[in-house]
1. Mind ranking 42-54, 5-17 by how tightly packed they are, going by the mean number of other C-beta atoms within 10 angstrom, highest first?
2. Excluding residues fewer than 8 places away in the same chain, name every one of the lysines whose C-alpha is closer than 22 Å to that of K72.
3. Expressed as a whole percentage, what fraction of the accessible surface of the chain belongs to carbon and sulfur atoms when a 1.4 Å probe is rolled over the protein heavy atoms?
4. If you stretched the chain out fully between F125 and D110, how much longer would it get, using 0.36 nm times the residue separation minus the C-alpha to C-alpha distance?
5. When the Cα centres of the stretch 52-113 and the stretch 29-47 are compared, how far apart do they sit, in Å?
6. If you average the sequence gap of Cα pairs under 8 Å that are 6 or more apart and divide by the length of the chain, what percent do you get for the contact order?
7. Subtract the Cα-Cα distance of R92 and R159 from 0.36 nm times their separation in residues, and report this length gain in nm to one decimal.
8. Given the chain, report the % of alpha carbon pairs whose separation exceeds 24 Å.
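The values are calculated or read from the model by the stated rules, or taken from the named source; none is laboratory data. Just so it is clear, the structure is predicted and the values come from calculations on it, not from any experiment. Counting neighbours? That spans all protein chains shown, and the Cβs are built from the backbone with ideal geometry, glycine included. Calculation scope for accessible area: heavy atoms of the full protein, side chains included, ligands and nucleic acids excluded. Shrake-Rupley method; radii C 1.70, N 1.55, O 1.52, S 1.80 Å.
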Amino acid sequence: MADPLAAFFQDHETIRPRLRAFEKALDAAMNRERAEAAERTVFRETLVFVRTAVFEHLRREDRALLPTLEAKIGRFGTLVNVIAYDHDEIRREVGKLGEAIAALEAKADDPHRAELREVNRHGIFLVQYLGLHMAKEDAFLGGEARIALGEDGLRDVARRLEERG
Ligand SMILES: [Fe+2]
Ligand SMILES: [Fe+2]
């Protein structure tokens, strides 16, 4: 059996450089108080990436990992509840970021300092929140969670992952 937790670590490694590129584009635009076409492209592509690849990652953790972990260690007062809450918060924040990017796009050719500042506010929040969330999971899945799951728990996670394709 391949290590089912490795899939989650690997996803995090794929997500991190996309967040760094997004942050870099935000910084460049904020420094001149204007988002050029290249930066707006990064904003849009980041949003698409988050809504597809990152949301799919969250769904796989919600469906394949959290139920098995909950059966082992419970939900309340454990990281299971924290992870589930973080996922909801990430989805909410991406909704706000999407609205902010749409507002910026509508004023792409006009002065758009206020719109850019909103994109930056939600963008930086997402970069930091998601970054901390993944660090939390990496530490938890690499230690306490792996031990709590045990052989049978890991098998269960692997089976659920396969079911979802
Ligand atoms: Fe997660
Ligand atoms: Fe994750």
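1. 42-54, 5-17
2. Qualifying lysines at Cα under 22 Å: K136.
3. Within the chain, the accessible surface is 53 percent carbon and sulfur.
4. Between F125 and D110, full extension yields 2.9 nm more.
5. If we compute the Cα centre of each part, the gap is 22 Å.
6. Details: 118 pairs, mean separation 61.9, N = 165.
Over the chain, the number comes to 37 percent.
7. Details: separation 67, 0.36 × 67 = 24.12 nm, distance 2.93 nm.
Gain on stretching R92 to R159: 21.2 nm.
8. I get 41 percent for the Cα pairs in the chain exceeding 24 Å.
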